[in-house]
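Only the coordinates and a few stated rules stand behind these numbers; no lab work does. All values derive from a computational prediction rather than experimental measurement. Quick reminder, even Gly has a Cβ in these numbers, built from the backbone with ideal geometry, and neighbours come from all protein chains shown.
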Amino acid sequence: MMARIVGGRKSHYLRWPWMISLRRYEGKAFKHKCGATLLNQLWAITAAHCVDGKMPNEVVLRLGEYNFHRMDESHPHVERRIYMIVIHPQFDAVTYENDLALLRFYEPVSLRANIVPICLPKPLDDVAGRMAVVTGWGRLAEEGELPGSLHEVSMPILTNKECEEMYSAAGYVETIRDVFVCAGLLNGGLDACEGDSGGPMVVRGTRGQWKLVGLISWGMGCAAPKQPGVYTRITKFVDWIDDIISL
């Protein structure tokens with residue numbers, strides 16, 4: 001159950017300034033493992049399964065990044081060590097329900113053109129039928145290559161009933177609870193993939209502001225027909241998030 005950008009395109013520089021590369025210590029270096037999203041100058045959010053069982057010193061966040069292989073971008077990236085990991089108390093590592101975690105930096109980050117927080121939605125926002133954008137540095141195909149640059153894909157958000165019916169048609173019995181939200185096409189072809197987990201699904205508000213409505217959580221394969229991506233539904237957790245990041 002992994003997530004990556006499939007069927008999308010390379011993003012424009014500075015277009016998604018809340019996007020974070022979550023890096024975990026493996027071997028002798030920190031390596032990109034998941035996406036995360038900037039909430040304010042001290043806090044980021046990601047999927048709980050990206051940090052479950054990890055100590056704060058095993059995770060580094062890279063903010064303001066675009067292309068992993070270039071050092072000459074007009075706004076350099078910055079990295080932040082993690083002071084505290086707050087995994088949602090009801091996170092279920094088997095079903096991936098309540099799959100979200102908050103990460104507090106040791107020191108605040110300065111906002112600039114390539115480092116800008118995302119807005120949170122209102123708890124009652126209904127996003128079914130909206131077009132969403134998902135971003136990440138994950139694989140471009142199942143078992144495929146990892147891109148150097150940030151990629152994006154636009155997909156329609158489904159109702160949970162539509163999502164269950166698609167999985168059923170593909171031969172899976174999935175109960176899509178209200179803590180999840182799905183996005184994708186009946187015919188497949190557009191999806192997140194391995195390396196994208198924890199990253200944002202955003203929609204545009206009526207006044208042009210972007211809102212975080214989902215975190216890449218799980219799926220079957222990548223971009224397969226009748227198997228939409230499943231995301232943590234942020235509207236269900238706005239109050240919990242606010243309570244913690246306002247401390």
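Working from label points 7 Å from Cα in the Cα-to-Cβ sense, the Thr206 to Ser149 distance is 3.6 nm. Within the shell defined by Cβ-Cβ distances under 10 Å, the residues around Tyr106 carry a net charge of +2, with Lys and Arg each +1 and Asp and Glu each -1. Remark: the range 15-31, residue by residue, has Karplus-estimated 3J(HN,Hα) of 6, 10, x, 8, 6, 10, 8, 8, 10, 10, 6, 9, x, 10, 8, 8, 10 Hz, where x stands for each Gly or Pro and the curve is 6.51 cos²θ - 1.76 cosθ + 1.60 at θ = phi - 60°. Counting only lysines at least 8 places from Lys33 when in the same chain, those with an alpha carbon closer than 20 Å to its own are Lys10, Lys54. For the chain, the list of Cys residues with no other Cys C-beta under 4.7 Å reads Cys119. In terms of its alpha-carbon gyration tensor, the chain comes out rounded; the largest-to-smallest axis ratio a/c stays below the 1.5 threshold. Here the 3J(HN,Hα) profile of the range 177-183, calculated from phi with Karplus coefficients 6.51, -1.76 and 1.60 at θ = phi - 60°, is 6, 5, 7, 10, 9, 10, 8 Hz, Gly and Pro shown as x. How about Lys211: which lysines have a C-alpha closer than 19 Å to its C-alpha, ignoring those fewer than 8 places off in the same chain? The qualifying lysines are Lys122, Lys236. Counting pairs of alpha carbon atoms under 8 Å apart in space and at least six apart in sequence, what relative contact order in percent does the chain give? For the chain, the relative contact order is 27 percent. Can you give me the Cα centroid spacing of the range 154-229 and the range 27-60 in angstrom? Here the answer is 22 Å between Cα centres. Helix 160-169 and the longest principal axis of the Cα set of the chain meet at an angle near 60°.
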